[in-house]
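**Q** The structure under discussion is supplied below as structure tokens; questions concerning it will follow.
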Amino acid sequence: MEVFLSGLGLLATPQILLALLVGSVGGVIIGAIPGVGPAVAIAILLPATFSMDPLVGLTMLLGIYGSSMYGGSLPAILINTPGTAVNALTTYDGYPMTRQGKALHALGLAYGASFVSGVLSIAALILLSPLLAKIAPLFGSREIFLAALLGIVLVVIAHRGQTFAAGSLAAFGIFLGTVGLEPVRYTQRFTFGLDALQSGFDLIVVVLGLFALSQAFLLLSQPDQSPDSQRIDGNMFTAMLRVFRFKRIAGVGSGIGVMMGMIPGVGEFTAQFLSYTHAQKTSKTPELFGKGSEEGLVASESANNAVPAAAMIPLLALGIPGEALTAMMLSVFYVHNVVPGPALFRDQLDFIYALFAAMLLLNVIVVVFIGFSSNALTRIIRIPTRFLGMIILTLSFVGVYSLRNSVTDCVMAAGFGMLGLVLKRQNLPVVPIILGMVLGGIMEVKLRSAMARVREPLDFVDRPIAAGLAVAIVLLIGFHVWGVIRERRSRLPESERDHDSHDTQQR
């Protein structure tokens, strides 16, 4: 309790409170604008946070990360267009409720479920932190290398149906991280004699290109749109209280969100799917799901909002980001020479509690803000998409240029923006590139450090945690390959399956 109060004391400064307010309110507004999303906003703001105190910068980014999902449910429910990608499942039941004249109830349930899950997830993490502080120091170089490798495997497997593409893009991200001067002997790798490549590809340049500039190019290349939405009448705070009629569903969804958030590479989509499926299977009226079910809406929103706090655990405890947004936050740590990992839990537990307290406070700020401003937020939905694209384009180039006052960085960012545009048009994932770039760098450093103590291959997994992680990697790959084979066989015509079976018997 004393450490938690010490963490609260770190927040009691005007700069941090202002950053929290700006991040919380800004995240709601950004989430409510279809086509932007927290990844674009965080990418644009990253260069600005490098000049801030690490706690101030991270508080602002956490505010955007955690509150954008609140805002994303507004267009998802009112106009059937998710403000952020993770609000897609909200449209299944939220928009049908709007068409039935229950827009206020739908928004109230979504906001209430998000608030309850946000508070429960942070409370769970505060209780788990002492345990994490004891476990984190048990991770050495070998364990962190294997944990990072497990993260890449999970990222690839999570893109079911696009496994080969996700794996290829993750490998491309690892390759990007190797360009430039090698970190031990400072020899040049893949620079081809070009001075611009000697310092490698800056993570922020790549992030701004793949997320912000690609989205700007996409908005500018599409027909201009200005969605319309209806006015919301009634008391929003009273509508939020309806969530307590579904305490079990909100609690289960929050628990699933916490568990999924702590696993690198899994994230909100898996948490939402599991929560929604569980709610439908245990519901007395499963036939209403997808047609305006209040239970379905609570299940999806409670799961996705529990993930942001939990996603900070692998980042803070091991220095391993679980998805693109936490990978961006990792760069803020590195800029200020704050190294996430076991030492952070051991030496700066008050800093970690300050981040958790900030996330708790942002949920309160967001609920108060949206309770009074939902009708004002509906006007934001009507911003023309091409105007929005031009704003993103301008801010992105300003952010890239401000990093090192380099036109070369702007050219590189534009190139990655075009790559991101191609990937989006082909419905291919962008996240594996970023995680490959970040996790690949971690794996290289930790592998070099671990190999100094390894004489035989089995020495690498001669400790319990390392062995457990290695077994998990092998099992995950094995189960995934087996699942792909079974799925492929199930798609074959029965005659071909019989023929294959007959050939097998003959052999």
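The values are calculated or read from the model by the stated rules, or taken from the named source; none is laboratory data. In this text, all values refer to a predicted model and were calculated from it rather than measured experimentally. FYI the Cβ positions are ideal-geometry reconstructions off the backbone, even for glycines, and counts take in every protein chain you see. These area figures cover heavy atoms from the full protein model, side chains too; ligands, DNA and RNA do not enter into them. Shrake-Rupley method; radii C 1.70, N 1.55, O 1.52, S 1.80 Å.
**Q** Rounded, prolate or oblate for segment 109-173? Axes are the square roots of the Cα gyration tensor eigenvalues, ordered a ≥ b ≥ c, and the cut-off for rounded is a/c under 1.5.
**A** Oblate.
**Q** Can you tell which of Gly167, Ile391, Met240 lies farthest toward the positive end of the dipole of the chain, using +1 and -1 charges on the Cβ of basic and acidic side chains (Lys, Arg; Asp, Glu)?
**A** About the Cα centre, the residue reaching furthest to the positive side is Met240.
**Q** Which of the listed residues, Thr326, Ser374, Ala306, is farthest toward the dipole's positive end in segment 276-385, when Lys, Arg count +1 and Asp, Glu count -1 at the beta-carbon?
**A** Towards the positive end, the residue furthest out is Ser374.
**Q** What nm value, rounded to one decimal, do you get for the distance between Asn80 and Arg425 when each label is placed 7 Å out toward the C-beta?
**A** Label at Asn80, label at Arg425, 2.7 nm between them.
**Q** I'd like the trypsin sites (Lys or Arg not before Pro) in segment 86-163 restricted to DSSP loop residues with at most 16 other Cβ atoms within 10 Å, sorted by number.
**A** Sites meeting the loop and neighbour criteria: Arg160.
**Q** Additional query: Quick check for me: using +1 on Lys/Arg Cβ and -1 on Asp/Glu Cβ, what's the dipole size of the chain about its Cα centre, in debye to the nearest 20?
**A** Around 520 debye, computed over the chain.
**Q** Can you give the convex hull volume of the alpha carbon atoms of segment 375-459 per residue, in Å³?
**A** About 214 Å³ per residue, rounded to a whole number.
**Q** Something else: For His480, His278, give the ranking by accessible area with the largest first, probe 1.4 Å.
**A** Ranking His480, His278 by accessible area, largest first, yields His278, His480.
**Q** Could you run the Karplus curve 6.51 cos²θ - 1.76 cosθ + 1.60 with θ = phi - 60° over segment 438-455 and give me ³J(HN,Hα) per residue in whole Hz, x for Gly and Pro?
**A** Each residue's phi maps through the Karplus curve to give 6, 5, x, x, 5, 5, 5, 5, 5, 5, 4, 5, 6, 5, 5, 10, 9, 9 Hz.
**Q** Still on this structure, please answer the following. Please go through the residue pairs Lys247/Lys424; Lys134/Lys446; Lys102/Lys284; Lys102/Lys281; Lys281/Lys424; Lys424/Lys446 and name each one whose alpha carbons sit more than 26 Å apart in this structure.
**A** Among Lys247/Lys424; Lys134/Lys446; Lys102/Lys284; Lys102/Lys281; Lys281/Lys424; Lys424/Lys446, the Cα-Cα distance tops 26 Å for Lys247/Lys424; Lys281/Lys424; Lys424/Lys446.
**Q** Return the sequence-ordered ³J(HN,Hα) values of segment 417-425 in whole Hz as given by the Karplus equation 6.51 cos²θ - 1.76 cosθ + 1.60 applied to θ = phi - 60°, using x for Gly and Pro.
**A** Here the 3J(HN,Hα) series is x, 5, 4, x, 5, 4, 4, 5, 5 Hz.
**Q** Does segment 291-442 come out rounded, prolate or oblate, given a ≥ b ≥ c as the square roots of the eigenvalues of its C-alpha gyration tensor, rounded meaning a/c under 1.5 and, failing that, prolate meaning a/b above b/c?
**A** oblate
**Q** Rounded to the nearest Å, what's the spacing between the alpha carbon centres of segment 167-202 and segment 367-435? Just the number, please.
**A** About 25 Å separates the Cα centre of segment 167-202 from the one of segment 367-435.
**Q** Work out from phi, with θ = phi - 60° and the Karplus expression 6.51 cos²θ - 1.76 cosθ + 1.60, the ³J(HN,Hα) of each residue of segment 291-305, listed in order in whole Hz, and give x for Gly and Pro.
**A** Taking θ as phi minus 60°, the curve returns 10, x, 7, 5, 5, x, 5, 5, 4, 6, 6, 5, 6, 5, 7 Hz for segment 291-305.
**Q** For labels at Leu476 and Leu138 in the simple 7 Å Cα→Cβ model, what's the distance in nm?
**A** Placing both labels 7 Å beyond Cα along the Cβ direction yields 1.9 nm.
**Q** Can you pull the one-decimal nm distance between simple spin-label points at Val484 and Arg248, each 7 Å off the Cα toward Cβ?
**A** Calculated label separation equals 4.0 nm.
**Q** Let me ask something else about it. Enumerate the amide H contacts of Thr191 below 5 Å, restricted to partners 5 or more residues apart or on another chain; note that Pro and chain-start residues carry no placed amide H.
**A** Those lying under 5 Å, H to H, from Thr191 are Gly180.
**Q** Also: Taking segment 172-246, how much of its Cα-Cα pair set, in percent, is spaced more than 22 angstrom apart?
**A** Cα-Cα pairs in segment 172-246 separated by more than 22 Å: 59 percent.
**Q** Can you pull the Kirkwood radius for segment 244-342, inverse mean 1/r over Cα pairs, to one decimal in Å?
**A** Every distinct Cα pair counted, the radius reaches 14.2 Å.
**Q** Right, another one. How long, wide and thick is the chain, going by the Cα atoms along their three principal axes, in whole angstroms, largest first?
**A** Principal-axis extents of the chain (Cα, largest first): 69, 69, 53 Å.
**Q** If you keep only loop residues by DSSP, which chymotrypsin sites (Phe, Trp or Tyr not before Pro) in segment 450-485 have at most 14 other Cβ atoms within 10 Å of their Cβ?
**A** none
**Q** Work from the charge dipole of the chain (Cβ charges, +1 for Lys and Arg, -1 for Asp and Glu, about the Cα centre) and give the residue of Ser449, Pro183, Ala317 farthest towards its positive end.
**A** Positive-end residue among those listed: Ala317.
**Q** Size of the dipole of segment 386-454 about the Cα centre, Lys and Arg at +1 and Asp and Glu at -1 on the beta carbon, nothing else charged, in debye to 20?
**A** Around 140 debye, computed over segment 386-454.
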